[in-house]
Amino acid sequence: MIKKIKITFHNEAFLKNIEKISGESITSCDQCGVCSGSCPFVEEMDITPSQMMRKVLMGDEYVMDNKTMWICATCNACTVRCPRGLDVSKVAEALRQIRLRKSIDKIDINKISKKDLTELPQIAYVAGFRRLTS
């Protein structure tokens, strides 16, 4: 069943906020799907990059509940191939920033095992902390 979104002032405010943070004109996205076809990590995502863009375009704040924004590696494959020149990774980053500004951590630093602390490279921790903690 397709969930219908009613465009309200609140939805529009969400869209404008994402556009402001990302610097991207999301309303120019024509939903061609090239971003999804270009993404090397689309198999790991719960919604495709084009679905993420559509949800943002509609002002659907439930897009924040999807893991796609966290999986985006900002490799810019989507940007290179987008016929409109949109940078979907900047939109994903804007979504991450909004989530992080709410101070909702996805990982608890204190619960990382000692084994993982000794085996994982430091850069993995830094990247994870930047994306998954506030």
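For the range 13-86, rounded, prolate or oblate, judged on the Cα gyration tensor with a ≥ b ≥ c (square roots of eigenvalues), a/c < 1.5 rounded, else prolate if a/b > b/c? Walk me through the numbers before you get to the answer.
Details: a/c = 1.69, a/b = 1.17, b/c = 1.44.
It is oblate, given that a/c is not under 1.5 and a/b is not larger than b/c.
Phi angles of the range 38-44 translate, via the Karplus equation with coefficients 6.51, -1.76, 1.60 and θ = phi - 60°, into HN-Hα couplings of 8, 6, x, 10, 4, 5, 8 Hz per residue; Gly and Pro are given as x. Once the Cα atoms are used to define both axes, helix 88-101 deviates from the longest principal axis of the chain by about 60 degrees. Isolated cysteines of the chain, defined as having no other cysteine beta carbon under 4.7 Å away, are C29, C32, C39, C72, C75, C82.
Can you compute the helix-only [θ] at 222 nm over the chain? Use -39500 (n - 2.57) per DSSP H run of at least 4 residues, normalise by all residues, nearest 500 deg cm²/dmol. Write out the running numbers ahead of the final one.
Numbers: 8 runs with 68 residues, N = 134.
Estimated from H runs of four or more residues: -14000 deg cm²/dmol.
To the nearest ten degrees, helix 122-132 and the longest principal axis of the Cα atoms of the chain are 40 degrees apart. Rounded to the nearest whole Hz, the Karplus-based 3J(HN,Hα) values (6.51 cos²θ - 1.76 cosθ + 1.60, θ = phi - 60°) of the range 28-35 follow the sequence 8, 5, 9, 6, 6, x, 4, 4, with x at glycine and proline. Note on C75 and F41: their simple-model spin labels are 0.9 nm apart, each label 7 Å out from Cα toward Cβ. Pairs from the table (K16/K115; K20/K111; K90/K115; K90/K111) lying more than 32 angstrom apart at Cα are K16/K115; K20/K111; K90/K115.
Our coupling estimate for the range 68-81, obtained by passing each phi through the Karplus curve with A = 6.51, B = -1.76, C = 1.60 and θ = phi - 60°, is 4, 5, 7, 7, 3, 8, 6, 7, 6, 4, 5, 5, 4, 9 Hz, Gly and Pro reported as x.
Quick one: work out Rg over Rh on the C-alpha atoms of the chain, Rh as Kirkwood radius. Rounded to two decimals, Rg/Rh equals 1.01.
Read the figures in this text as sums done on the coordinates, not as results from a lab. For clarity, every value in this text was computed on a predicted model and none was experimentally measured. Quick reminder, even Gly has a Cβ in these numbers, built from the backbone with ideal geometry, and neighbours come from all protein chains shown.
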